[in-house]
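Heads up: the structure comes next, in structure tokens.
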Amino acid sequence: MINYSEFFADRVKPMKGSAIREMFKRMADPEIISLAGGNPASELFPSDELSKIAGKILMTSPTQALQYGTTDGYPKMKDCAVARAKEAGAYNDGDAVLIMTGANQGIDLTAKAIINKGDKIVVENPSFIGSLNAFRTYECELLGVDVEADGMDVCKLEETLKANPDAKLLYTIPTFQNPTGTTMSLEKRKRVLELASEYNLLIIEDNPYGDLRFNGEDVATLKSMDTENRVIYCGSFSKILSPGMRLGYVIGPAELLEKVEMLKQVNDVHTPMLTQMMCVQFMKKYDINKYIEKNRKLYKEKCQCMIDAMEEYFPKGKVEWTVPDGGIFLWCVCPTIEDIGPIVDKALERKVAIVPGTNFAIDQNLPSNKFRLNFSSASKSDIREAVKRLGEVLNELL
């Protein structure tokens, strides 16, 4: 039999499978309550509306929906993306826009267009596993900067850039960060832009959760304050409409996005026309902001349900957690231990799935005393029951 590890490219040999993916393989048991994934609430999906829209499109415009499309995106879909971006102040005259098969494709292909082997890339620590793995495949050096309660530690960022003035790119999820749920303050955002200018960094601003604010006031996007055209903005329809439709977008300078478009042509030719047309018709026929408001209302209730249950069932003084103003995640730290692994395993035995912090770390080989919880996908009753079971495990092992 062939030993395929002998054939692997050097750039993929160090990659590790996500514990989230591995956990899902172990979650065939219907009794397991998952607080591990990043799924939006399925009860919010506008399935009836989308079913009617899809049927009408296939009846009236089947050739357009089922034929090849252009790599940059269906023009009316691009208009929808621009409209969403403008609401966030993330589109300027002269910007180009590309429709992506999910925002993560936009991050991956933008990185592919920018990163050479050995380049230094600044990322938040912890950060989104999908983006970290994308960067790793391009054999770059990841420079982690810790995340504080109000976002990236800009003092550490400055220290990192002073020590690595040749750093090329900064990747950030400034609003309701994955995995911590934190939001970068306005002051820190301004400082990040100042440092990016001083050290000539490009910035990828990943904003999949920005529409899901349920407390507090919006904070200006980095893109909206960028006067030097150095911010590439990635947005998504996954968290406000449907993740299965795989619709994201990238907005940035035309010179860069021309290269990204070429890479997408090689990658998947184009994003499926049917889902683009469905999104356009939904946006045309329904008030997307009213629909988003339903998301915000439910996620606020679910987040509070989780926090209330944690306050009741988690051991006092043994677990700390973030209190997000939006998004779908919160982040927990167990300061009295070094490795959360045994707690993750024991929780799974008690039919609760959580994600260990190692998945979001720059160095995945180091132990972590942190874990991420998702409050969007489970029902409120399941959230409470899962937190109760997890609390029993924490009380036992801490």
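The values are calculated or read from the model by the stated rules, or taken from the named source; none is laboratory data. Predicted, not measured: the structure shown is a model, and the values here were computed from it. As a convention, Cβ positions derive from the backbone with ideal geometry for all residues, glycine included, and neighbour counts pool all protein chains shown. Only protein heavy atoms, including side chains, enter the accessible area calculation; ligands, DNA and RNA are left aside. Shrake-Rupley method; radii C 1.70, N 1.55, O 1.52, S 1.80 Å.
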Query raised in the report: Do the conditions hold for Glu349, that is, is it over 23 Å from Met15 (Cβ atoms), among the acidic types (Asp, Glu) and within 24 Å of the chain's Cα centre (by Cα)?
Result: no
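Give the residue that is most open to solvent (accessible area, probe 1.4 Å), with candidates limited to residues of region 107-122 that are of a type in the set (Lys, Arg) and out of contact with any strand residue (DSSP E or B) (no Cβ under 9 Å at 6 or more places or on another chain). Don't jump to the end; show me each part of the working.
From region 107-122, those of a type in the set (Lys, Arg) are 112, 117, 120; that's our starting set.
Keeping just the survivors that are out of contact with any strand residue (DSSP E or B) (no Cβ under 9 Å at 6 or more places or on another chain) gives 112, 117.
Working: Lys112: 98, Lys117: 151 Å².
So the residue we want is Lys117.
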Query raised in the report: Does at least one position in region 296-312 carry a residue that is part of a strand (DSSP E or B), crowded, with 19+ Cβ neighbours inside 10 Å and among the hydroxyl-bearing types (Ser, Thr, Tyr)?
Result: no
Requested in this report: State whether one or more residues within region 85-95 are in contact (Cβ under 8 Å) with a residue 40 or more places away in the chain, closer than 22 Å to Leu256 by Cβ, open to solvent by less than 30 Å² (accessible area, probe 1.4 Å) and not in a loop (DSSP other than H, G, I, E, B).
Outcome: yes
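Give the residue, chosen from Thr180, Thr137, that is buried (at least 22 other Cβ atoms within 10 Å of the Cβ) and under 20 Å from Ala361 (Cα atoms). Let's see the steps before the verdict.
Working: Thr137 fails: buried (at least 22 other Cβ atoms within 10 Å of the Cβ).
After applying the criteria, what remains is Thr180.
Considering only residues of region 239-260 that are assigned to a loop (DSSP other than H, G, I, E, B) and open to solvent by 10 Å² or more (accessible area, probe 1.4 Å), which is farthest from Gly94 (Cα to Cα)? I'd like the intermediate steps shown before the answer.
As a first pass, look at region 239-260 and keep what is assigned to a loop (DSSP other than H, G, I, E, B): 239-242, 246-247.
Adding the requirement that they be open to solvent by 10 Å² or more (accessible area, probe 1.4 Å) leaves 239, 242, 246.
Numbers: Lys239: 27, Ser242: 29, Arg246: 26 Å.
Among those that are assigned to a loop (DSSP other than H, G, I, E, B) and open to solvent by 10 Å² or more (accessible area, probe 1.4 Å), it is Ser242.
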Query raised in the report: Before we move on, is Ala134 under 30 Å from Val355 (Cα atoms), in contact with a helix residue (DSSP H, G or I) (Cβ under 9 Å, 6 or more places away or on another chain), outside any loop (DSSP other than H, G, I, E, B) and among the aliphatic types (A, V, I, L, M)?
Result: yes
Query raised in the report: Ile204 versus (1) in a strand (DSSP E or B); (2) more than 15 Å from the chain's Cα centre (by Cα); (3) hydrophobic (A, V, I, L, M, F, W, C): which is the lone unmet condition?
Result: (2)
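Looking at this structure, is Gly327 touching a residue at least 40 places away in the same chain (Cβ under 8 Å), out of contact with any Lys or Arg (no Cβ under 7 Å at 6 or more places or on another chain), open to solvent by less than 10 Å² (accessible area, probe 1.4 Å) and farther than 18 Å from Pro179 by Cβ?
When the stated conditions are applied, Gly327 does not pass them.
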Requested in this report: Taking Asn104 as the residue in question, decide whether it is among the polar types (S, T, N, Q) and surrounded by fewer than 22 Cβ atoms within 10 Å (Cβ to Cβ).
Outcome: yes
